[in-house]
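Structure first, commentary second.
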Amino acid sequence: MKVNIAATKTNLLKTRKSLALTREGFELLDEKRRILLSELTAIIDSVDEHQKRVDDALGEAYKVVDRAVVASGRQRCEAVSYAVAIKSELSISQRRVMGVNVPVISLDIDDRPPYYSPHGVNLYVDETIERFKAMLPMLAQLAEKKITLLRLAREAQKTIRKVNALEKIYIPYYDETVKYIADRLDEESRDSFSMLKLIKKAKARQ
């Protein structure tokens, strides 16, 4: 690595200060990187587990839909579905994890059953409604976890790039610059000392 800087005491002090700050920044970012990776590992496991629960619940819900269609007919089920009035409202706030804003999603469900007369409606229709209504909070939680995962992953990626840059570029550069300036100053000091001895000897001969 080529060092192009004047070998002066002022530059030596400045470079040592820059090196100390860079090392301090590296330690802080490296700690942040470790925490983010730990958070990511935990949330990946949580997302996988929650995704499996959602997939299983959806699979069971669609099985009930099939039973309802077989028992009541597709047209009857479709007609009944128009009477179902279930409203949901999402509330999204933020929390911070290692300087990253991640969402906190709350879901409010507003419904006023019964939606229709029970006469001529198969039991599977009611079960279908209840199963899919129960899916809504699960989907909101899954969305929260996935968005959190994406944001933490992006922050971890940026932090890793910064850590690598400090470790492989800036710290070696400042280390080499400090060594270069210190060696040059030592060399100049030795040259000055040698020159001073020669001058003293020359004066002693006179």
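Here are a few things to note about the model shown:
- Qualifying residue in segment 25-34 (condition: surrounded by 13 or more Cβ atoms within 10 Å (Cβ to Cβ) and touching a strand residue (DSSP E or B) at 6+ places or on another chain (Cβ under 8 Å)): no
- Flag for GLU127 being out of contact with any Gly (no Cβ under 6 Å at 6 or more places or on another chain), within 30 Å of ALA71 (Cβ to Cβ) and either open to solvent by less than 70 Å² (accessible area, probe 1.4 Å) or among the β-branched types (Val, Ile, Thr) (or both): yes
- When segment 127-145 is filtered for residues that are touching a helix residue (DSSP H, G or I) at 6+ places or on another chain (Cβ under 6 Å) and farther than 30 Å from CYS77 by Cβ, only LYS145 remains.
- First in segment 3-32 and touching a residue at least 12 places away in the same chain (Cβ under 8 Å) and over 16 Å from ALA165 (Cβ atoms), second anywhere and polar (S, T, N, Q) and open to solvent by less than 40 Å² (accessible area, probe 1.4 Å), Cβ under 7 Å, 6 or more apart: VAL3/THR177; ILE5/ASN11; ILE5/THR177; THR15/THR177
- Qualifying position, being open to solvent by less than 60 Å² (accessible area, probe 1.4 Å) and hydrophobic (A, V, I, L, M, F, W, C), among VAL80, VAL70: VAL80
- First in segment 144-169 and closer than 14 Å to ASN101 by Cβ and polar (S, T, N, Q), second anywhere and in a helix (DSSP H, G or I) and open to solvent by 30 Å² or more (accessible area, probe 1.4 Å), Cβ under 9 Å, 6 or more apart: THR148/GLU39
- Residue match in segment 106-121 (condition: in a strand (DSSP E or B), more than 28 Å from LEU150 (Cβ to Cβ) and either open to solvent by less than 70 Å² (accessible area, probe 1.4 Å) or at pLDDT below 90 (or both)): yes
- Applying the condition of being of a type in the set (A, V, I, L, M) and more than 8 Å from PHE26 (Cβ to Cβ) to segment 163-177 and asking which residue is least open to solvent (accessible area, probe 1.4 Å) yields ALA165.
- Some residue of segment 89-101 being closer than 30 Å to ARG33 by Cα and open to solvent by less than 40 Å² (accessible area, probe 1.4 Å): yes
The values are calculated or read from the model by the stated rules, or taken from the named source; none is laboratory data. Computed from a predicted structure; not experimentally measured. All Cβ positions, even for glycine, are placed from backbone atoms using ideal geometry, and neighbour counts span all protein chains on display. SASA here: full protein model, heavy atoms, side chains in, ligands and nucleic acids out. Shrake-Rupley method; radii C 1.70, N 1.55, O 1.52, S 1.80 Å.
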